[in-house]
Amino acid sequence: MTTRPIREPRAQEAFLPFARPSITEREKEAVLAVLDSGWLTTGPRVKEFEEAFAAFVGLPNAVAVNSATAALHLALDAIGVGPGDEVIVPTWTFAASAEVIAHVGATPVLVDVDAETLNASDDAVIAARTSKTRAYIAVHFAGLPIDLDRLTGELGGNGVSIIEDAAHAFPSRIGPAGRLAGTIGRAGAYSFYATKTITTGEGGMLVTADSALADRARVMSLHGISRDAWNRYTQAGSWYYEIEDAGFKYNLTDLAAALGLAQLARADELHEKRLRLSRLYAEHLRASSVADIVELPPGIDDGAHAWHLFVIRLKLERLRSDRGAVIEALREHGIGTSVHFIPLHMHPYYLDTLRTEPGRFPVASREYERVISLPIWPDMTDRDLQRVVSALESVLGPAIR
Ligand SMILES: *Cc1c(COP(=O)(O)O)cnc(C)c1O
């Protein structure tokens, strides 16, 4: 028996992170099995992951890559977007959605978002279309799916491809038929970054019904070489290969794919947990002392939402603090939060290259000042969630005007 001090110091509650992956024995065993297999990079687990993912989303082609950014880049390349072309993208997104447009030498055309959903507004997309527009990158922000039916008609008729940035939206379902976000456009990109709804650490998937697009993406994902590493290096494969174009190094590893397979098998379970937390947040926030200071995100009680993010908005006119001060105070209360997103048009690169201004795109510019992404991750407990709500009450309460 060990002797214990008479009074243990009261343990401080651990810092509650903004995001945390859910890893079980299943994932650990899958990764260990790859380590024992002698084949670490692109091989049988990647092929299996692609097949399982294609089956899950109900499309014939899924190309595993090492990020959603890579998937978006490959999609633009495969569609043939290049210099002189324009690609429409919301200003309310992560760097990745727009930088890939510059990578293929085309021009990003930023558009404002809808005040309620924070997804690009259909009208803004249509208004931004010119004779040079080749594609629209649709971002399903936070996991709230955009119904792309209207735009598919409007843009498709004009030869404009829709590429879905579904980095937040696995699995988000659209309309009564429950079609998955990411499967509606010409191509869809999913992210398996560590904070996303399923993860491989780093990783992504390009999905498409267009087999020629998938073939081109597959070749370009590995040096523009016409065979993948598995075929080249196994005894069954040939040593011969041909370089068809100056490609990229975007392949996923078997280690990552094994993790992805285990996560994919849990996708519905993980989604259920996020859904439950989103409802619990709504319930507790509505019953809290800050119910009329904190606006809830759209899509509560709507099973279609993937809930990658739970983004509240502060009624700043009712507060003496600004959003930055609230985030700092929450941190002092042991709660990690984030901001999604600092609109693209406010960043130096876009201010310079597109000659945007901080106040341009009025909805995004205004909403940016008041958004906070609260912690939401599958293994968060009810007690964790209550801590977040209590911290909001402690921080916002004294700041109410
Ligand atoms: C995370 C994210 C990406 C990029 O995903 P990676 O897999 O990290 O490349 C793209 N778009 C959006 C909206 C994202 O949030």
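Here is how the numbers come out for the structure above:
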item: Residues of the stretch 300-333 classified as open to solvent by less than 10 Å² (accessible area, probe 1.4 Å) and in a loop (DSSP other than H, G, I, E, B), total; result: 4
item: Enumeration of residues in the stretch 281-333 that are closer than 19 Å to Ala115 by Cα and among the hydrophobic types (A, V, I, L, M, F, W, C); result: Ile293, Val294, Leu296, Ile300, Trp307, Leu309, Phe310, Val311, Ile312, Leu314, Leu316
item: Candidate set from the stretch 98-120 (those that are without any contact (Cβ under 8 Å) to a residue 60 or more places away in the chain and within 18 Å of Glu154 (Cα to Cα)); member that is farthest from the ligand (Cβ to nearest atom); result: Val109
item: Residues that are under 15 Å from Ala102 (Cα atoms), within 8 Å of the ligand (Cβ to nearest atom) and open to solvent by 10 Å² or more (accessible area, probe 1.4 Å), drawn from the stretch 59-77; result: Thr69
item: Among (1) open to solvent by less than 20 Å² (accessible area, probe 1.4 Å); (2) closer than 19 Å to Ile146 by Cβ; (3) within 12 Å of the ligand (Cβ to nearest atom) - the single one Val125 does not satisfy; result: (3)
item: The stretch 345-391, residues that are among the small types (Gly, Ala, Ser) and part of a helix (DSSP H, G or I); result: Ala364, Ser365, Ser390, Ala391
item: Selection status of Ala95, within 16 Å of the chain's Cα centre (by Cα), open to solvent by less than 30 Å² (accessible area, probe 1.4 Å) and within 16 Å of the ligand (Cβ to nearest atom); result: no
item: Every residue from the stretch 160-200 that is over 16 Å from the mean Cα position of the chain (by Cα) and away from the ligand (no atom under 16 Å from the Cβ); result: Val160, Ser161, Ile174, Gly175, Pro176, Ala177, Gly178, Arg179, Ile184, Arg186
item: Residues located in the stretch 340-350, provided they are open to solvent by 40 Å² or more (accessible area, probe 1.4 Å) and either closer than 30 Å to Ala267 by Cα or not hydrophobic (A, V, I, L, M, F, W, C) (or both); result: Ile342, His347, Pro348, Tyr349
item: Every pair of residues 6+ apart whose Cβ atoms lie under 9 Å, when the first sits in the stretch 56-82 and is under 14 Å from Asp210 (Cβ atoms) while the second is modelled with pLDDT under 95 and not hydrophobic (A, V, I, L, M, F, W, C); result: none
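The values are calculated or read from the model by the stated rules, or taken from the named source; none is laboratory data. Please read these numbers as outputs of a predicted model, since none were measured by experiment. Cβ: placed from backbone, ideal geometry, glycine included. Neighbour counts: every protein chain shown. Each accessible area value is taken on the protein alone, full model and side chains, heavy atoms only, with ligands, DNA and RNA left out. Shrake-Rupley method; radii C 1.70, N 1.55, O 1.52, S 1.80 Å.
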